[in-house]
Amino acid sequence: MKEPQWVGRARWCDVADIVKLVADALFHSATGAWLVPDERRRRDVLSAVTRVWTEHALLFGEAYVLDDHSATAVWFHRYGPIAPPTGYGRRLAVAYGDHIDRFLCLDEVLSTHRPTGPHNHLAFFAVPPDPQRIDRAAALLATSHASIDHADHPAYAEATSIAERDLYARHGYDAHPPFTLPDGTTAYPMWRTREGAAPSTGHPTS
């Protein structure tokens, strides 16, 4: 019998572990390679950017980690305008470095396809690709949904692979027409609502 995966709400002391998990996942992705082509600098840049947004999510959202800190989910509560991180321009300029144009380009594409109405946004979902991936992902999503469902707002995520799309689908998300990220990766907008209705976006869904 499998031991249940215990999930806890992240605190400030967990930020470093969250950053490592997310940066590791991005480092090996096509998007991460496009954002920072220089492999020698990639991890440091991705870690710096991830830290800015993870810290911000703890103020304007919530994050979860497994008890062994092997996986994480980071959410923003986009119920209205979110104030930028403290020292936003300076911190991100330092984090992005010479790659700022690529990060801004990616952010613009993602923002264009994000729902415009109130929703919970799964900004980072880092679960290592090992035999326990499905169980770890299920535990993170179940705990996340138990919390965010109280607000009665939709949940939104971007899947960047067929496997990830199908994973979200198993947890009540509906896939909407895909779009292409600047690196060529296909992204699938995944929406989950209690009523099954799609959140409004700035673009048509077909």
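Going by the alpha-carbon gyration tensor, a ≥ b ≥ c the square roots of its eigenvalues, is the stretch 120-163 rounded (a/c under 1.5) or, if a/c is not under 1.5, prolate (a/b greater than b/c) versus oblate? Oblate. Adding -39500 (n - 2.57) for every DSSP H run of four residues or longer, then dividing by how many residues the chain holds, sets the calculated 222 nm ellipticity at -13500 deg cm²/dmol.
Here the stretch 7-192 is assigned +1 on the Cβ of each Lys and Arg and -1 on the Cβ of each Asp and Glu. Its dipole about the Cα centre then comes out at about 260 debye.
Counting beta carbons within 10 Å around each of His145, His121, His150 and listing the fewest first gives the order His150, His145, His121. Shown in residue order for the stretch 104-111 are the 3J(HN,Hα) couplings computed by the Karplus curve 6.51 cos²θ - 1.76 cosθ + 1.60 at θ = phi - 60°: 5, 5, 4, 4, 5, 5, 5, 5 Hz (x for Gly and Pro). Shown in residue order for the stretch 82-94 are the 3J(HN,Hα) couplings computed by the Karplus curve 6.51 cos²θ - 1.76 cosθ + 1.60 at θ = phi - 60°: 9, 4, x, x, 4, x, 3, x, 5, 5, 6, 4, 5 Hz (x for Gly and Pro).
For the chain, the spread of Cα coordinates along the three principal axes comes to 44, 43, 31 Å, biggest extent given first.
Taking trypsin sites (Lys or Arg not before Pro) as exposed when their DSSP state is a loop state and no more than 13 other Cβ atoms lie within 10 Å, the longest site-free interval of the chain runs over 12-169.
The numbers here are math on the coordinates, done by the rules we state, and not lab data. Just so it is clear, the model here is predicted, and its values are computed rather than measured. Ideal geometry is used to build each Cβ from the backbone, glycine not excepted, and the neighbour counts take in all protein chains shown.
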